[in-house]
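Bear in mind that the values in this text are calculations on the coordinates, not laboratory data. No experiment lies behind these values; they were computed from the predicted model shown. Cβ atoms come from the backbone with ideal geometry, glycine included; neighbour counts cover every protein chain shown.
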Amino acid sequence: MVRYLWGLWGMLWLVGCQSAPVETGLSPAQFFLEARVSLRSENGSGRGQLSWDQQGEAYRVTAFGPFGAGLVVLEGTGQSATLLQNGQVRVVAPDALLAGWMAVPPPFSALPHWLFGRPSPGHGAVRGRGEGRFEQAGWAVRFRQDSAGRPEQVILTQGTTTFTLAPYRWERTP
């Protein structure tokens, strides 16, 4: 009986020592981030920074190159967006943010999910799923997360095109 009680106590102690997953409060539907970005494609390469505020379907992405050059602002909801670039405002599809630099840009609505290392609903089958990687919608998605589950780096590759996003600031948003 004593041996049974010691065994039960030991199991309860071990269960109590298990670490619970860290809750980041971040989700693909609601976040704010600032990140460094780089792009290599058949059209050339470049580096820059962006800030991204996602509130459900509403988003605002501001991207710019070194020293603020080439400021681009994309804001919208769902599949409708406005793009401010070179002092001109245009109504565009959200994928237009990267369309000027990439022959086939990744689907914009998939990016919030891919940022968090998750396949995106509605973007087809997921293949090649493994530790820190999967393929969806023709893109190889590789990601690395910190101990709290926040993305540290996301690399999207399709053919000769590689888009890298490395968040350095995350915030919970109401």
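Spatially, segment 107-173 and segment 36-63 are offset by 13 Å when compared through their Cα centroids. Compute the Cα gyration tensor for segment 25-171, then decide on rounded, prolate or oblate, letting a ≥ b ≥ c be the square roots of its eigenvalues: rounded whenever a/c is under 1.5, prolate when a/b is larger than b/c in the other cases, and oblate in all that remain. Rounded shape, in that the Cα axes give a/c under 1.5. Among L39, L115, a tally of other beta-carbon atoms within 10 Å of each Cβ gives an order, fewest to most, of L39, L115. Looking at segment 113-174, which GluC sites (Glu not before Pro) are DSSP coil and have at most 13 other C-beta atoms within 10 Å of their C-beta? Loop-located and lightly packed - E131.
Phi angles of segment 68-82 translate, via the Karplus equation with coefficients 6.51, -1.76, 1.60 and θ = phi - 60°, into HN-Hα couplings of x, 5, x, 4, 9, 10, 10, 9, x, 9, x, 9, 10, 8, 10 Hz per residue; Gly and Pro are given as x. Each Cα pair under 8 Å and six or more residues apart adds its sequence gap; the mean of these over the residue count of segment 25-171 is a relative contact order of 22 percent. Whole-Hz Karplus values for segment 49-63 come out as 9, 8, 10, 9, 10, 10, 10, x, 7, 7, 8, 9, 10, 10, 10 Hz, taken residue by residue from phi with 6.51 cos²θ - 1.76 cosθ + 1.60 and θ = phi - 60°; glycine and proline positions read x. Positive end of the dipole of segment 25-171 (Cβ unit charges, origin at the Cα centre): among G128, P107, S147, the Cα lying farthest that way belongs to G128. Projecting each Cα onto the charge dipole of segment 25-171 (Lys/Arg +1, Asp/Glu -1 at the beta carbon, about the Cα centre), which of T164, Q30, Q54 comes out farthest on the positive side? Positive-most Cα among the choices belongs to T164.
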